[in-house]
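The values are calculated or read from the model by the stated rules, or taken from the named source; none is laboratory data. Because the structure is a prediction, the values reported are computed rather than measured. Cβ atoms come from the backbone with ideal geometry, glycine included; neighbour counts cover every protein chain shown.
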Amino acid sequence: MLALNHAGKRFGPRVLFLEADWLIRNQEKTALVGANGTGKSTLMKILAGLETLDYGSIERTRGMSIGYLPQEGLELAGRTVFEECLTVFDELHDMEREIERLAGQMAVLDHEGAEYQSVAERFSLLQDRFHALDGYALDAQVGAVLTGLGFGKEDWARQTGEFSGGWQMRIALAKLLLAKPLLLLLDEPTNHLDLDTRNWLEDYLKNYSFGYILISHDRYFLDVTIDRTVEIWNKRLTVYHGNYSKYLTQKDERREQLMAAYRNQRERIEHLEAFISRFRYQATKARQVQSHIKELEKIERIEVPEEEPVIHFKFPQPPPSGRMVAEAEGLAKSYGPKRVFTGARFTIERGDRIALVGVNGAGKSTMIKLLTGAEMPTSGTIRLGHNVAVEYFAQDQYKVLNPEARMLDDISRAARRVPEVELRSLLGCFLFSGDDVFKPLGVLSGGERNRFALARILVSPSNFLLLDEPTNHLDMRAKDVLLDALAHYSGTVIFVSHDRYFIDRLATRVIEIESGAVTAYEGNYEDYLRRKSALAANASAAAAILSDATRGAEESKDLRLPSSSNGEYADHAHAAPSSSPTILIEGGYDGPDDAPPKKQSRRLNPIRQRQMEDRCRFLEEEIPRVESAIAHTDEELAVYISAAETARLTSLARELRGQLAALTAEWEELMAQLQR
C-alpha cells in the first residue's frame, strides 16, 4: 500500500534516520515509537505527503487515501460541529445528487433504447456504491462518532470556532474517523481525551476496517490497539511484531544481540590492531600484516548509541500527617443553577493514592480545588487532618512561576540540599537538557513550564499532593520517573490522569464523579471497571427478575377472571367448553319458596382443578424468585453508590414487594379453593 525505500531525513546538520525500508500493508495497525527528537512526527508528515525525504523514495498505491491528525495547530470555523463533520461526505452528497438526476432521466427515456441502458448501468453502479458506503445513514454515523468523542447533542449545533484547541482537535479527529481513509496517521490522538472517550476510541480503532499508524505516550492505549511496532533507533527503522509490551521484550533481546556482536567485533578489531602493531616492521610477516590491514578496513563498524540513563528519583520524604488526611461530609458544589455534585461523603487516609475519574466537566478539578481550599463548597464540609500540608499542581500551574527566574536557579531554591547533578538529571528526564536549564522560565511554552513545575514539586513535596493532569505533556520516560517517585512517596496523593497505565500502577482507590454523585471504589482502575461491570450486571439481573415477575402477574390476571354468577375464577386460556359448568353445585335452590340448605357441597371440575394446581406450582416457584430478587436488591442498597442509584434500587425494591404480595395472595386464594 505504501513503501519507503532507502529513505533518509536530516534536521539541519543532524541525521534523523537513514537507509529506512518500510512496507506498510493494508489493515496493519502500527505504533511508531522512539525517543523524543528521533523524528517520529517528521516521518508521519512524510507519510502524509506534507514533507519530503532527503534520501531515498516513497511509493504509494494509486488512489490511496490517507488521513493525518497532527498533535496540535488545527483551527476550524464557519460551520456548526455537525455541518463540519458532514463535509467529509461531500463526494457521497455529489453521488446522491447524480443518482437522483439519473433516476429522472430513466423516467423519461425509452426503456428499449441504448441511452437508457447506459444510464441504468451508471445508476445501478452508483446506487450499489452508495449503499456500500452506508450513504443513507450519514447523520447517524456523524452522531455516533460525535457522541463517542464526548460531544453532547447540544454541542452539535454550536459553531466550531466556539471550542477550545483540545475540542477543535476532537472535531478534526471525528472528521478523520468518519472519512475512513485507507491509512490513518494519528500523532498523539489521546492528548485531549478523557478516559471514557479514550476507551471509546480504543474500541473504534480495534474495529477499524483499514490500517493506521499511531504515535502515543500511552502504553495501555498502544497495547490494546496495535499489532506491530516500528521504532526509530540508532538512525534506523526496526520493525517488531506484536503490541507495545512485546516490543519492549523484543527490543531488550535485540539490544543484547547487538551488544554481543559489538563485543565480538571489538575483540576482533583489537586482535587485528595488536597483530599489525606487533609485526608491522617484520619482513617475514609483511603479507599477513597487509591481509590484516585489508580485513580491518573492510569491517563495517557496529555503532551502539548511548542509552538514556534510567533515573530513579526519590522524593525527599515529607513530615508525616495524621492518619486521617481529609474528610468530606455532605459536600456539594454548584455554580449558579449548575450543580456539579451533591451529597459527597468520603474519608482520605494517610498513604492513600486516589485517582479521580469522570468525563470532562464532571467536576474532578473542582473537587481538587475544594480540597486545596482554593474554592469553597456550596454546602457541606471538608476537614483536613492533623499536620496536613497541601501542595497543588494545577493544569495551568505554569502561571504561578516567576518568568524572570532561570530554570536551574529556581528549582535549586526549592530543592533543599539536592545536589545540582541530580537536579540536572531530573530536568533531563522532563526533556530539559544542555543549556535549556539556564533559560528564563518566561521563554518556555505553557507545556514546557508545566513540565518544569511538576519537576519542581518532586524535589520538595508536602505530605498531601493534589495533582491535576500531571501526565500531560510528558513522554513515557518522564511518566516512569514520576510514577516511580510517587510509588516510593510516603505521603498521600489525589490525582487526575487520563493515562490508564499510570492510574493502574499508582492508584489504590478510585473516586468517581458521575452525574452529580461521588462514589469511592477500592483498588486500581481495573478493579473499578470490574466493580462497575458487576453493578451493571446485577442491575440487569434484577430488572430481568422484575420483568419475569411482572409477566407472571399479568398471566395471573388473565387466569383469574371472576365469574359474575358465583365469584369463582375462570381460566380464559384453558376454560372448558361453555356447555360444561366450571363448578358443579349440588343441592342448590329450586326456587324462591325453597328454604336454603343447611350445608352446601362443592366439587371442582377435574380440568379446572388441574389448571389451578399447575398455577399453584408456578407460584410456588415464582415467589422464591421474587424473594431472592428482593434480598439481592436489599444487599445492593446496603452499599452506597450514588443518590440516583439508591433511588432506583428503592423503587425497584418497592415494585418487587408489591409483586410478592400479589403473588402470595393469589397462591393463598387458590390453595383455599383446592382444599374445600
- Being under 14 Å from THR238 (Cβ atoms) and part of a loop (DSSP other than H, G, I, E, B) is the filter here, so list the residues in the range 26-54 that pass it. GLY34, ALA35, THR38, GLY39
- Output the number of residues of the range 481-509 satisfying the condition of being touching a residue at least 60 places away in the same chain (Cβ under 8 Å) and under 18 Å from ASP218 (Cβ atoms). 14
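Looking only at the range 229-250, decide whether some residue is under 30 Å from ASP504 (Cβ atoms) and in a loop (DSSP other than H, G, I, E, B).
Yes, some residue in the range 229-250 is under 30 Å from ASP504 (Cβ atoms) and in a loop (DSSP other than H, G, I, E, B).
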- For SER209, which of the numbered conditions (1) crowded, with 16+ Cβ neighbours inside 10 Å; (2) in contact with a Lys or Arg (Cβ under 9 Å, 6 or more places away or on another chain); (3) within 30 Å of VAL359 (Cα to Cα) fails to hold? (1)
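Results for (1) hydrophobic (A, V, I, L, M, F, W, C); (2) not assigned by TED's automatic domain parsing to the domain that holds GLU636, shown as yes or no for each residue.
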{"position": "TYR501", "(1), (2)": "no, yes"}
{"position": "ASP504", "(1), (2)": "no, yes"}
{"position": "ALA507", "(1), (2)": "yes, yes"}
{"position": "VAL510", "(1), (2)": "yes, yes"}
{"position": "ALA517", "(1), (2)": "yes, yes"}
{"position": "GLU526", "(1), (2)": "no, yes"}
{"position": "ALA536", "(1), (2)": "yes, no"}
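Evaluate the range 17-25: report whether one residue or more is within 22 Å of TYR247 (Cβ to Cβ) and assigned to a loop (DSSP other than H, G, I, E, B).
Kept after step one, since they are within 22 Å of TYR247 (Cβ to Cβ), are these residues of the range 17-25: 17-25.
Right, trim to assigned to a loop (DSSP other than H, G, I, E, B) and you get 25.
Yes, the range 17-25 contains a residue that is within 22 Å of TYR247 (Cβ to Cβ) and assigned to a loop (DSSP other than H, G, I, E, B).
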- Sort out which residues of the range 145-163 are crowded, with 16+ Cβ neighbours inside 10 Å and small (Gly, Ala, Ser), and write them in order of number. GLY148, GLY150
- Query: Just a yes or no: is a residue in the range 206-221 aliphatic (A, V, I, L, M) and either out of contact with any strand residue (DSSP E or B) (no Cβ under 8 Å at 6 or more places or on another chain) or assigned to a helix (DSSP H, G or I) (or both)?
  - Reply: no
- Query: Mind checking whether some residue in the range 264-283 is at pLDDT below 85, out of contact with any Ser or Thr (no Cβ under 8 Å at 6 or more places or on another chain) and of a type in the set (Lys, Arg)?
  - Reply: yes
- Tally, over the range 397-428, of residues that are in a helix (DSSP H, G or I), β-branched (Val, Ile, Thr) and farther than 27 Å from GLY363 by Cβ: 2
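Rundown of residues vs (1) among the hydrophobic types (A, V, I, L, M, F, W, C); (2) farther than 27 Å from TYR208 by Cα; (3) free of Cβ contacts under 8 Å to residues at least 12 places away in the same chain, yes/no style:
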| site | (1), (2), (3) |
| --- | --- |
| HIS6 | no, yes, no |
| PHE11 | yes, yes, no |
| TRP22 | yes, no, no |
| GLN27 | no, no, no |
| ALA31 | yes, no, no |
| ALA35 | yes, yes, no |
| LEU69 | yes, no, no |
- Message: Report every pair of residues separated by at least 6 positions or lying on different chains whose Cβ atoms are under 6 Å apart, first residue within the range 73-90 and within 21 Å of LYS180 (Cα to Cα), second basic (Lys, Arg) and part of a helix (DSSP H, G or I).
- Response: CYS85/LYS175; VAL88/LYS175
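How many residues does the range 429-472 hold that are assigned to a strand (DSSP E or B) and free of Cβ contacts under 8 Å to residues at least 60 places away in the same chain?
If we filter the range 429-472 for residues that are assigned to a strand (DSSP E or B), which is where we start, we get 440, 464-468.
Checking which are free of Cβ contacts under 8 Å to residues at least 60 places away in the same chain leaves us with 440.
Here the count works out to 1.
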- Item | Subset of the range 342-363 that is closer than 18 Å to LEU486 by Cβ and either small (Gly, Ala, Ser) or assigned to a helix (DSSP H, G or I) (or both) - its residue that is farthest from the chain's Cα centre (by Cα) | GLY351
- Task: Kindly indicate whether PHE82 is farther than 25 Å from SER216 by Cα and either buried (at least 18 other Cβ atoms within 10 Å of the Cβ) or modelled with pLDDT of 90 or more (or both).
- Result: yes
- Task: Starting from residues that are at pLDDT 80 or above and either of a type outside the set (D, E, K, R) or surrounded by 15 or more Cβ atoms within 10 Å (Cβ to Cβ) (or both), keep the ones in the range 593-624 and report whichever is farthest from the chain's Cα centre (by Cα).
- Result: MET612
- Residues of the range 296-315 being under 30 Å from TYR489 (Cβ atoms) and either aliphatic (A, V, I, L, M) or at pLDDT 75 or above (or both), in sequence order, are VAL310, ILE311
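Would you mind finding the one in SER425, SER462, SER412 that is surrounded by fewer than 19 Cβ atoms within 10 Å (Cβ to Cβ) and either closer than 22 Å to THR508 by Cα or modelled with pLDDT under 80 (or both)?
Details: SER425 fails: either closer than 22 Å to THR508 by Cα or modelled with pLDDT under 80 (or both); SER412 fails: either closer than 22 Å to THR508 by Cα or modelled with pLDDT under 80 (or both).
So the residue among SER425, SER462, SER412 that is surrounded by fewer than 19 Cβ atoms within 10 Å (Cβ to Cβ) and either closer than 22 Å to THR508 by Cα or modelled with pLDDT under 80 (or both) is SER462.
Give the range 377-396 a look and list any residue that's small (Gly, Ala, Ser), at pLDDT 90 or above and part of a loop (DSSP other than H, G, I, E, B), or say none. Before the answer, list the steps.
Start the filter on the range 377-396 by keeping residues that are small (Gly, Ala, Ser), which leaves 379-380, 385, 389, 394.
Pick out the ones that are also at pLDDT 90 or above and you get 379-380, 385, 389.
Across the range 377-396, the qualifying residues are GLY385, ALA389.
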- Query: So which residues in the range 317-340 are within 16 Å of LYS369 (Cβ to Cβ) and crowded, with 16+ Cβ neighbours inside 10 Å, if there are any at all?
  - Reply: ALA326, ALA328, LEU331, ALA332, LYS333, VAL340
- Item | Count - residues of the range 228-277 that are more than 24 Å from ASP21 (Cβ to Cβ) and either basic (Lys, Arg) or within 29 Å of the chain's Cα centre (by Cα) (or both) | 4
